[in-house]
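I have placed the structure first, in the form of structure tokens, so that the comments after it can refer back to it.
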Amino acid sequence: MRYDLNLLPIFVALMEERSVTRAAERVGMTQPALSNALARLRVMLKDQLFIRERYGLQPTPIALELIPVIEEALAKLDDAVLGQQDFDPAQADRLLTIAPNGYVEFVVVPEVVARLQEVAPGIKLRLTPYGNDLADTGVVSGTTALVLGRIVDPPDNLVVQHLMDEGFACVVRAGHPEVGDSITREQFERLKHVNIVPPGRMRAGLFQALAHQQVRREVAISVTNFFAVTEMVAVTNYCATLPNLICRRLAHDPRLKVLPAPVDLGTFPVEMAWHVRYRHDPAHRWLRTLIGEAVEKLAGARSV
């Protein structure tokens, strides 16, 4: 029997999107064309594959049994084909979507963009939000090239690379009436604090570290990005606890002063993850190397 291999990526898209409309948008087809492809898939695979229910398409047991086999086969095909392609970053013209969390966007992405401008001006980045659910970023389906941040409970079709571990420091305004060149635990607990609550898992790490050290913190205001923290701390007597590399940047602001945390708050991991189908894509592999080098440079500068 001859198989139409073009139908297999459509099957994967339907499995991951659970919607004919969304799957059609993802693979660049009209909805009627994708419905027709689904009909041919059902004939080829001799199963209904998907049942329409109130909240979307639900896969049949046969579909659930087939999906890991088909994903693995497609990944091997990608490895074989893409691995033979040459990639010249200086001549490349490509748009890549990445999903960094707030920390990575603030600290790492500017270094990456500066490097791209220098060695690969034709490669453009599109940033999409990294929230609590990895599936929402598009990395699980492969529509997003990379997700960068703290990767918790990744599915089997993602490859995860550890980039570095990051710690914490404190920031107060330069003329703070109570805090000098260091901050004690008592001062930390007495002050009011600016809290950062971006989507993602980093806030859980800080809250858990404070709880582990049995350190109390009275939060006066919670903001959604690191840029807002700077302005809040600069005009109040509040304190903020932020990642070290962000604090290193804020140390150049004459309105602020950076201090070691009063207790050991541990570290959190910074990681990068991508779909297995991009494992040997030359452009993707090159970008991963560039990001790794950018992180290594930042981490090295931090230790100087």
Legend entry - Boolean, residue 292 is surrounded by fewer than 21 Cβ atoms within 10 Å (Cβ to Cβ) and at pLDDT 90 or above: yes
Inset, instruction - Evaluate the following for residue 159: is it closer than 27 Å to residue 239 by Cα and either touching a Phe, Trp or Tyr at 6+ places or on another chain (Cβ under 9 Å) or surrounded by 20 or more Cβ atoms within 10 Å (Cβ to Cβ) (or both)? - result: no
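Conditions (1) at pLDDT 90 or above; (2) more than 30 Å from residue 125 (Cα to Cα); (3) open to solvent by less than 80 Å² (accessible area, probe 1.4 Å), marked per residue:
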residue	(1), (2), (3)
12	no, no, yes
28	no, no, yes
49	yes, yes, yes
56	no, yes, yes
83	no, no, yes
100	yes, no, yes
104	yes, no, yes
107	yes, no, yes
Inset, instruction - Kindly establish whether residue 165 is open to solvent by 60 Å² or more (accessible area, probe 1.4 Å), out of contact with any Cys (no Cβ under 8 Å at 6 or more places or on another chain), closer than 23 Å to residue 109 by Cα and in contact (Cβ under 8 Å) with a residue 12 or more places away in the chain. - result: yes
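Residue check: is residue 94 in contact with a helix residue (DSSP H, G or I) (Cβ under 7 Å, 6 or more places away or on another chain) and open to solvent by 60 Å² or more (accessible area, probe 1.4 Å)?
Values: in contact with a helix residue (DSSP H, G or I) (Cβ under 7 Å, 6 or more places away or on another chain): yes; open to solvent by 60 Å² or more (accessible area, probe 1.4 Å): yes.
Yes, satisfied.
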Inset, instruction - Under 6 Å between Cβ atoms, at least 6 apart or on separate chains: pull out the pairs that start in segment 263-283 with a residue that is basic (Lys, Arg) and end on any residue that is at pLDDT below 90 and buried (at least 21 other Cβ atoms within 10 Å of the Cβ). - result: 277/142
Legend entry - Count - residues of segment 98-120 that are free of Cβ contacts under 8 Å to residues at least 24 places away in the same chain and of a type outside the set (A, V, I, L, M, F, W, C): 4
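The values are calculated or read from the model by the stated rules, or taken from the named source; none is laboratory data. Since we're looking at a predicted model, the values are computed, not measured. In this analysis, Cβ positions are derived from the backbone assuming ideal geometry, glycine residues included, and neighbour counts consider all displayed protein chains. The protein model used for the area step is the full one, side chains on, heavy atoms only, and it has no ligands, DNA or RNA in it. Shrake-Rupley method; radii C 1.70, N 1.55, O 1.52, S 1.80 Å.
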